[in-house]
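The structure appears right after this line, and notes come after that.
The values are calculated or read from the model by the stated rules, or taken from the named source; none is laboratory data. Every value quoted in this text rests on a predicted model; they were computed, and no experiment measured them. Quick reminder, even Gly has a Cβ in these numbers, built from the backbone with ideal geometry, and neighbours come from all protein chains shown.
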Amino acid sequence: MAEKTFNIPLRKEFQKSPKYKRAKKAVSAVRMFLRRHMKSENIKIGPHLNEALWKHGIKNPPHHVKVNALKTEDNVVKVELVGFPIEEKKEEDKKKKEKKKESGLEGAVKEPEKPAEKTPEKKEESGKEAKPEKALHSEKEEKPAQNSSEQKTEIKKNKVKASGTKEPAKNAANPKPEKESKPESKSQ
């Protein structure tokens, strides 16, 4: 494993692109620089370096960045700002990725959960039947309304049921006066 420190100039590269694409161009300039100097195509940019490139927005990236680059045995270059450690991914994460690749869609499809079974009724010693125990999940579960418009329609339905009329109840806080029709005068 080889570790090197570079001061990467970015200004000449990002000035070739329009202002609204400069931070993107700076990221690609870091990758190009490291391909040339570390002789590898697989480059992983660390979170602190990425944050530094995007710190002042897309229009104003830094003019240069000082980075530490670490080339691993399997030809992967990991890059991070100077002063921050280069994070190594655990072997467990690599194993999980390999298992996902091998399993394909098998691991992605989940079997539906079985509904909770009712408990059998208990008989008491005297021969009388006792009340059945409550199931873990009730058969009717009330789902809360997902958005305010559904809540409003439910409230209106409840008001209609309570009033016994088919017309929806008017809002007492903001009554709207109906337009009065004026009789037209006949002038001839």
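Some values worked out for this structure:
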item	result
Matching entry among Pro9, Pro18 (being surrounded by fewer than 18 Cβ atoms within 10 Å (Cβ to Cβ), at pLDDT 95 or above and out of contact with any strand residue (DSSP E or B) (no Cβ under 7 Å at 6 or more places or on another chain))	Pro18
Matching residues in region 68-85 - criterion: being under 12 Å from Pro47 (Cα atoms) and assigned to a strand (DSSP E or B)	Lys78, Val79, Glu80, Leu81
Qualifying positions in region 37-82 - of a type in the set (S, T, N, Q) and farther than 13 Å from Val27 by Cα	Ser40, Asn42, Asn68, Thr72, Asn75
Count - residues of region 36-69 that are within 14 Å of Ile8 (Cβ to Cβ) and free of Cβ contacts under 8 Å to residues at least 12 places away in the same chain	1
Single unsatisfied condition, Leu53 versus (1) more than 24 Å from the chain's Cα centre (by Cα); (2) modelled with pLDDT of 90 or more; (3) in a helix (DSSP H, G or I)	(1)
